[in-house]
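Here the structure comes first, spelled out in structure tokens, and everything after it is commentary.
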Amino acid sequence: MHGRSAIWFLLAVLGLLAVLTLWVQQAVQVPPPPEGSGRDPDFKLTNFSSLRTDADGNLRHRLEAAEMLHYPADDSTELTRPRLVMYSADQPHISFEGDRGRVTRDGKEVFIMGNVRVVRAATGQKGALTLRTDYLHIIPDDEIAKTDRPVTITQAPKTVIRGTGMRYNKKQGTLELHKDVRVHYQRPPPPRAAPKTAPAKPSSSSIKQDGKAADGNRGDARAATRQTTTRR
């Protein structure tokens, strides 16, 4: 009798241990990540284009890309061959483009990497300006672009500026280079003076007409002289 009770007690203990083991495994098990929460994009767009306007409906920014991938893990967006254009009413537009790009989840910051090219359109007083680097951090709402990498700036006709680190403020119209600045400036040639044109010569027909008129006047003068002499 006592032996059978001991066996049942041992089986009960083993069953309790099995239940406890199963509970511990379920308690410490990491749940699988929800679908789409990793680095796999949840959607893709090709030939992507987005416009942003101000309160009056004026165009402020245009963002384009050959391909756009959205990642739900951090709500970020990655771009292939991005191009961002900033517009303003009183200044020339400026464009930013490169091999790759990334936009933060709130759309407040844009990063462009690889063969970055910035172009400011020419104005009546200044030639077109082109900036090249390999990384650029853009804050579109503040119209600021900056980098800590080497930059090369060329401005028509033959100005070349090199430096490391740059901050461009479109609202203020300023561009700052931080260090290692070197400038090559070649004065443009003076504009050529317009060639002087000789006064036009009268035509032969007008000369004959003028000659006849002159002869007629002289004849009238001689006739008047004869008349005066006769009266005397």
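The values are calculated or read from the model by the stated rules, or taken from the named source; none is laboratory data. For clarity, every value in this text was computed on a predicted model and none was experimentally measured. Glycine gets a Cβ as well: all are built from the backbone with ideal geometry, and neighbour counts include every protein chain shown.
With 41, 92 as the choices, which residue is at pLDDT below 85 and outside any strand (DSSP E or B)?
Numbers: 41 fails: at pLDDT below 85.
Exactly one residue qualifies, and that residue is 92.
Of all residue pairs spaced 6 or more apart or on separate chains, those with beta-carbon atoms under 6 Å, a first member in segment 62-80 that is among the charged types (D, E, K, R) and a second member that is surrounded by fewer than 16 Cβ atoms within 10 Å (Cβ to Cβ) and outside any strand (DSSP E or B) are 75/105.
Got a sec? Which of 52, 83 is touching a residue at least 24 places away in the same chain (Cβ under 8 Å) and of a type in the set (Lys, Arg)? Show your work before the answer.
Working: 83 fails: touching a residue at least 24 places away in the same chain (Cβ under 8 Å).
Answer to the check: 52.
Just checking, how many residues over segment 112-139 are surrounded by 19 or more Cβ atoms within 10 Å (Cβ to Cβ) and closer than 14 Å to residue 82 by Cα? Number of matching residues: 5. Condition (residue is assigned to a strand (DSSP E or B) and touching a His at 6+ places or on another chain (Cβ under 6 Å)) applied to segment 101-124: is it met by at least one residue? The answer is yes, given that some residue of segment 101-124 is assigned to a strand (DSSP E or B) and touching a His at 6+ places or on another chain (Cβ under 6 Å). Within segment 50-82, take every residue that is in a strand (DSSP E or B) and aliphatic (A, V, I, L, M) and give me the one that is surrounded by the fewest Cβ atoms within 10 Å (Cβ to Cβ). Here the residue is 51. When 132, 105 are screened for being of a type in the set (Lys, Arg), in contact (Cβ under 8 Å) with a residue 12 or more places away in the chain and within 12 Å of residue 153 (Cα to Cα), only 132 passes.
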